[in-house]
Amino acid sequence: PDVWFTCIPDLWHLRDSDADHLAEDRKSLLHGFGVHIAFGGHDMHGLTMGPDGKLYFSIADRGFSVQTEGKTFANPDSGAVMRCNPDGTGFEVVATGLRNPQELAFDQFGNLWTGDNNGDAGDKARWVYVVEGSESGWQYGWQAQPNLGLWNSERLWELPPLNNAAYLLPPVAHIGHGPAGLAFYPGTGMPDQYRNHFFLCDFPGGVNSFAVREKGASYEMIDLQNVFSGLYPVDVDFGPDGAAYVADWIEGWEKTGRGRIWRVFNPQATEDSAARETRELLAEGMTDVSRRRLARLLENPDRRVRLEAQFELARRGDSSIETLAKVAEKGDEPLARLHAIWGLGQIGRRNLQALEPLMALFTDQDPEVRAQIARVMGDARLQDAFDPLVALLRDPSLRVRSLAAPALGKLRQPAALEPVFQMLRENGNKDPFLRHAGVMALVGINDMNA
């Protein structure tokens, strides 16, 4: 609770050891963001913790050139999504080709999402499924060209089938005209109608709520509705009290020196038993909680509680393997099983033996379990997972295939080439997200002759 991260414009680690709300220890973890001038607000933001225990953050089209651990990561002319370990090591570029992704949010299945702002010349703002290795098409140079150049003439911001550029991944939907703050409803404190819904600020206008539904290897937007209107909202988040908090610019685009924060709540929902328990659990923390109780908390209806329990079990290392494995194999709640898999994945980065209990779940009846097993095995580069991952390229679920193929790429075995080619042939260029998954497999294997 005494550690914070922020990005202005470096990625900073802050520590407040004496709880006086002042950071006595300030350390720049990563430097080199914002390498040229762009529109105001096109900077670094969106900092969030992923279910893999890594920090994710975004930058707009001011770009970056980061030197770290003997490597240079350069993407000077588009916005991007990046990640690293909490100590700044292991820096990676996740996705490029964005214009101004103000904030990031993970859903209940560990998928990463953002709203990307349009160029204000007839193009539309985009709801983007942020897939590892993806390119979304925007380059800063379009902004200075008449009518945004090829960005508009080739309609690179459009949805399929109007956008058929094969070098980029299309957006899942168009959303508003100024996507800003973004949050995924954690699960307690609001009416049930918002379960598994995103809340996205649209500047100006209000806050919209919506969900996504699986469609092939990607998703489609459903249940779009305006929740709060008449605002100039720039951020939205959910407090431990169950309320939604909205930062409001009040009026116009100019810097008026005025602003306010709204607290929006449902008295009945914020005082029900689940919301009260969430408040208590988040206030108490997980440090002194037994492993048995932490395992039960992986079933909690609130995603924040589930993540806290998962991270605490992962922090305890090898002593938690048996506990997490039992939930992953035989848990009653589907989401609890996913958190157990992610927890084992965190431990597995230090000790590959933590992943052994997951090998039996490659044929699990739940396709989401199979998908997450593939993701975790790929991130760990576990060579023993090669054959089961190859089998998942023929899985009935296109989502499972879309996570198995990049995982195989990370194992870098040429024997995966023909199964990957076969998957791509079967796709027939129909699903761009499955096509991208195959491309990422080939990139990882890196056999130019093949």
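The values are calculated or read from the model by the stated rules, or taken from the named source; none is laboratory data. Since the structure is predicted, the reported quantities are computational estimates derived from the model, not experimental observations. FYI the Cβ positions are ideal-geometry reconstructions off the backbone, even for glycines, and counts take in every protein chain you see. SASA here: full protein model, heavy atoms, side chains in, ligands and nucleic acids out. Shrake-Rupley method; radii C 1.70, N 1.55, O 1.52, S 1.80 Å.
How high is the relative contact order of the range 25-101? Use alpha-carbon pairs under 8 Å, at least six apart in sequence, and give a whole percent.
Values: 172 pairs, mean separation 21.3, N = 77.
Dividing the mean separation by the residue count of the range 25-101 yields 28 percent.
With a point put 7 Å past each Cα toward its Cβ, work out how far ARG394 is from ASN351 in nm, to one decimal.
That separation, rounded to one decimal, is 3.6 nm.
Pop a pseudo-label 7 angstrom from the Cα along the beta-carbon direction at both ARG15 and ASP364 and give the gap in nm to one decimal.
Using points 7 Å along Cα→Cβ, the separation is 3.6 nm.
Grab the other residues whose beta carbon is less than 15 angstrom from that of ALA80, score K and R as +1, D and E as -1, and report the net.
Residues near ALA80 contribute -4 overall.
What length, rounded to one decimal in nm, is gained on full extension from ARG316 through to VAL93, with 0.36 nm per residue of separation minus their alpha-carbon distance?
Gain on extension, ARG316 to VAL93, equals 77.4 nm.
Share of the range 294-356's accessible area from carbon and sulfur, percent, 1.4 Å?
45
Arrange the residues ASP52, ASP288 by how much accessible surface each exposes, largest first, with a 1.4 angstrom probe.
Numbers: ASP52 30, ASP288 150 Å².
Heavy-atom accessible area, descending, gives ASP288, ASP52.
Please give me the summed charge of the neighbours of VAL35: other residues whose Cβ is under 12 Å from its Cβ, Lys and Arg +1, Asp and Glu -1.
Here the charged neighbours net out to -2.
Carbon-plus-sulfur fraction of the accessible area of the range 175-282, 1.4 Å probe, in percent? If you can, show how the numbers build up before the last one.
Numbers: 2540 of 5110 Å².
Ligands and nucleic acids excluded, carbon and sulfur reach 50 percent.
Of the accessible area of the range 1-88, with the probe set at 1.4 angstrom, what percent is carbon plus sulfur?
55
Once both labels are modelled 7 Å past Cα along the beta-carbon direction, what's the SER153-ARG381 spacing in nm?
4.4
Take the alpha-carbon centre of the range 164-202, take the same for the range 70-149, and report the distance between them in whole Å.
If you average the Cα positions of each part, the centres end up 15 Å apart.
Just to verify a number: FRET efficiency for ASN164 and HIS31, C-beta to C-beta distance, R0 = 60 Å, to 0.05? Mind showing how you got there, number by number?
Details: r = 39 Å, r/R0 = 0.65.
Step by step, r from the Cβ atoms, then E = 0.95.
For the range 368-408, what value does the Rg/Rh ratio take when both radii are computed over Cα atoms and Rh is the Kirkwood radius, given to two decimals?
0.90
Which residue fluctuates most in the GNM of the chain (Cα springs below 10 Å): ALA38, ALA19, ALA165?
Sorting by GNM fluctuation, first place goes to ALA19.
Could you give me the ³J(HN,Hα) list for the range 148-159, computed from phi with Karplus coefficients 6.51, -1.76, 1.60 and θ = phi - 60°, whole Hz, x at Gly and Pro?
6, x, 5, 4, 8, 5, 9, 6, 6, 9, 6, 8
For the chain, calculate the relative contact order in percent as a whole number, restricting contacts to Cα pairs under 8 Å that are 6 or more residues apart.
Across the chain, relative contact order equals 8 percent.
At what distance in angstrom do the alpha carbon centres of the range 352-403 and the range 203-226 lie from each other?
28
Excluding ligands and nucleic acids, what accessible area in Å² is computed for GLU299 using a 1.4 Å probe, to the nearest 10?
90
Near LYS54, which lysines are there with a Cα under 25 Å away, not counting those fewer than 8 places off in the same chain?
Partners found: LYS27, LYS71, LYS326, LYS410.
Between VAL130 and residues 5 or more places away or on another chain, which pairs have amide H atoms under 5 Å apart, with H built 1.01 Å from N, and which residues are they?
Amide H neighbours of VAL130, under 5 Å, 5+ apart: LEU112, TRP113, THR114.
Is it possible to state the helix-based mean residue ellipticity at 222 nm for the chain, with each DSSP H run of 4+ residues giving -39500 (n - 2.57), the sum divided by total residues, to the nearest 500 deg cm²/dmol? What is it?
-8500 deg cm²/dmol
What residues qualify as long-range amide H neighbours of ALA217, i.e. H under 5 Å apart, gap of 5 or more or another chain, H built at 1.01 Å from N?
Amide H to amide H, under 5 Å and 5 or more residues apart or across chains, ALA217 pairs with LEU434.
Rank these residues by their accessible area, most exposed first, probe 1.4 Å: SER153, SER397.
Sorted descending by solvent-accessible area, the residues read SER153, SER397.
Please compute the net charge surrounding GLN383, taking Lys and Arg as +1 and Asp and Glu as -1 over other residues with Cβ under 12 Å from its Cβ.
+1
May I ask you to give the solvent-accessible area per residue for the chain, in square angstrom, as obtained with a 1.4 angstrom probe?
Details: 20270 Å² over 450 residues.
Spelled out: the 1.4 Å probe surface of the chain, per residue, equals 45 Å².
Just the accessible area for LEU335, please: 1.4 Å probe, Å², rounded to the nearest 10?
Result for LEU335: roughly 50 Å² accessible.
Please state the relative contact order of the range 292-364 as a whole percent: Cα pairs under 8 Å, 6+ residues apart?
29
As a test of reading the structure, rank VAL305, VAL264 by solvent-accessible area (1.4 Å probe, protein chains only), most first.
The most accessible residue leads, giving VAL264, VAL305.
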